[in-house]
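Encoded as C-alpha coordinates, the structure appears first; notes follow it.
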Amino acid sequence: MPRFKMVDGETIQLTADEETARDNEEAAWAAGENGRSLASMREDRNRLLAETDFYALSDVTMADAMTTYRQDLRDLPSGKTTKAHVDGATWPTKP
(Lines give C-alpha, C1' and ligand atoms only; values in the text may rest on other atoms or scores of the structure.)
Protein backbone atom coordinates (compact mmCIF):
# COMPACT_ATOMS: atom_id res chain seq x y z
CA MET A 1 0.00 0.00 0.00
CA PRO A 2 1.53 3.34 -0.95
CA ARG A 3 2.32 5.92 1.70
CA PHE A 4 1.92 9.64 1.39
CA LYS A 5 3.31 12.82 2.86
CA MET A 6 2.01 16.35 3.09
CA VAL A 7 4.01 19.08 1.35
CA ASP A 8 2.64 22.62 1.46
CA GLY A 9 -0.84 21.24 2.13
CA GLU A 10 -0.65 18.86 -0.83
CA THR A 11 -0.73 15.06 -0.50
CA ILE A 12 2.19 13.47 -2.37
CA GLN A 13 3.08 9.79 -2.66
CA LEU A 14 6.46 8.80 -1.22
CA THR A 15 9.21 7.93 -3.68
CA ALA A 16 10.82 4.49 -3.67
CA ASP A 17 13.81 5.90 -1.74
CA GLU A 18 11.52 7.54 0.81
CA GLU A 19 9.59 4.27 1.17
CA THR A 20 12.85 2.42 1.82
CA ALA A 21 13.97 5.02 4.36
CA ARG A 22 10.59 4.82 6.13
CA ASP A 23 10.76 1.01 6.20
CA ASN A 24 14.24 1.22 7.74
CA GLU A 25 13.04 3.71 10.36
CA GLU A 26 10.10 1.48 11.27
CA ALA A 27 12.34 -1.59 11.48
CA ALA A 28 14.77 0.25 13.76
CA TRP A 29 11.89 1.38 15.98
CA ALA A 30 10.52 -2.17 16.19
CA ALA A 31 13.99 -3.55 16.99
CA GLY A 32 14.24 -1.19 19.96
CA GLU A 33 10.96 -2.35 21.50
CA ASN A 34 12.59 -4.77 23.94
CA GLY A 35 15.05 -2.14 25.15
CA ARG A 36 12.31 0.44 25.66
CA SER A 37 10.17 -2.04 27.60
CA LEU A 38 13.06 -3.02 29.86
CA ALA A 39 14.03 0.62 30.41
CA SER A 40 10.44 1.43 31.41
CA MET A 41 10.42 -1.50 33.83
CA ARG A 42 13.67 -0.33 35.40
CA GLU A 43 12.29 3.22 35.78
CA ASP A 44 9.21 1.90 37.58
CA ARG A 45 11.35 -0.43 39.71
CA ASN A 46 13.74 2.41 40.63
CA ARG A 47 10.80 4.62 41.64
CA LEU A 48 9.43 1.88 43.90
CA LEU A 49 12.87 1.33 45.45
CA ALA A 50 13.27 5.07 46.03
CA GLU A 51 9.92 5.13 47.84
CA THR A 52 11.29 2.64 50.36
CA ASP A 53 14.88 3.89 50.62
CA PHE A 54 14.28 5.41 54.05
CA TYR A 55 13.85 1.88 55.42
CA ALA A 56 17.50 1.24 54.54
CA LEU A 57 18.84 4.07 56.71
CA SER A 58 21.23 3.01 59.44
CA ASP A 59 18.92 4.20 62.24
CA VAL A 60 15.90 2.23 60.96
CA THR A 61 15.34 -1.47 61.52
CA MET A 62 14.01 -2.92 58.29
CA ALA A 63 11.44 -5.70 58.58
CA ASP A 64 12.24 -8.97 56.84
CA ALA A 65 9.22 -8.51 54.56
CA MET A 66 10.54 -5.12 53.41
CA THR A 67 14.02 -6.57 52.85
CA THR A 68 12.50 -9.32 50.72
CA TYR A 69 10.33 -6.82 48.81
CA ARG A 70 13.31 -4.59 48.00
CA GLN A 71 15.40 -7.59 46.92
CA ASP A 72 12.56 -8.85 44.72
CA LEU A 73 12.38 -5.42 43.08
CA ARG A 74 16.13 -5.45 42.43
CA ASP A 75 15.88 -8.96 40.95
CA LEU A 76 12.84 -8.16 38.80
CA PRO A 77 14.59 -7.18 35.53
CA SER A 78 16.98 -10.15 35.52
CA GLY A 79 16.21 -12.62 32.77
CA LYS A 80 13.79 -10.26 31.04
CA THR A 81 14.98 -9.98 27.44
CA THR A 82 11.79 -9.45 25.47
CA LYS A 83 8.73 -7.24 25.70
CA ALA A 84 6.65 -10.36 26.40
CA HIS A 85 8.86 -11.16 29.41
CA VAL A 86 8.48 -7.60 30.70
CA ASP A 87 4.72 -7.56 30.12
CA GLY A 88 4.34 -10.92 31.88
CA ALA A 89 6.46 -9.99 34.89
CA THR A 90 4.92 -10.40 38.32
CA TRP A 91 5.68 -7.37 40.47
CA PRO A 92 6.19 -7.98 44.18
CA THR A 93 3.58 -6.65 46.59
CA LYS A 94 4.70 -3.95 49.00
CA PRO A 95 4.33 -5.12 52.59
Before we move on, is ASP87 acidic (Asp, Glu) and in contact (Cβ under 8 Å) with a residue 24 or more places away in the chain? yes
Given the structure, is ASP72 among the charged types (D, E, K, R) and without any contact (Cβ under 8 Å) to a residue 12 or more places away in the chain? no
Within the group THR90, THR52, which residue is open to solvent by 80 Å² or more (accessible area, probe 1.4 Å) and farther than 30 Å from PHE4 by Cβ? THR90
What's the total number of residues in segment 67-81 that are at negative phi and open to solvent by 60 Å² or more (accessible area, probe 1.4 Å)? 8
With the requirement that a residue be more than 12 Å from PRO92 (Cα to Cα) and charged (D, E, K, R), what does segment 45-74 give you? ARG47, GLU51, ASP53, ASP59, ASP64
Matching entry among THR82, THR20 (being of a type outside the set (A, V, I, L, M) and free of Cβ contacts under 8 Å to residues at least 40 places away in the same chain): THR20
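With of a type in the set (A, V, I, L, M, F, W, C) and open to solvent by 60 Å² or more (accessible area, probe 1.4 Å) as the only criterion, which of MET6, MET62 stands out?
It is MET6.
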Among the candidates ALA39, ALA28, ALA84, residue that is under 15 Å from the mean Cα position of the chain (by Cα) and open to solvent by less than 70 Å² (accessible area, probe 1.4 Å): ALA39
Got a sec? Which helices (runs of 4 or more DSSP H) wholly within segment 26-95 have at least 3 residues that are polar (S, T, N, Q)? 33-51, 64-75
Within segment 5-14, is even one residue in a helix (DSSP H, G or I) and without any contact (Cβ under 8 Å) to a residue 40 or more places away in the chain? no
Would you check if there is a residue in segment 65-76 being at pLDDT below 90 and aliphatic (A, V, I, L, M)? no
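The values are calculated or read from the model by the stated rules, or taken from the named source; none is laboratory data. Computed from a predicted model, the values in this text were never measured in an experiment. Note: ideal-geometry Cβ built from the backbone for every residue, glycine included; neighbour counts use all protein chains shown. Please note that ligands, DNA and RNA were not included when accessible areas were found on the heavy atoms of the full protein model with its side chains. Shrake-Rupley method; radii C 1.70, N 1.55, O 1.52, S 1.80 Å.
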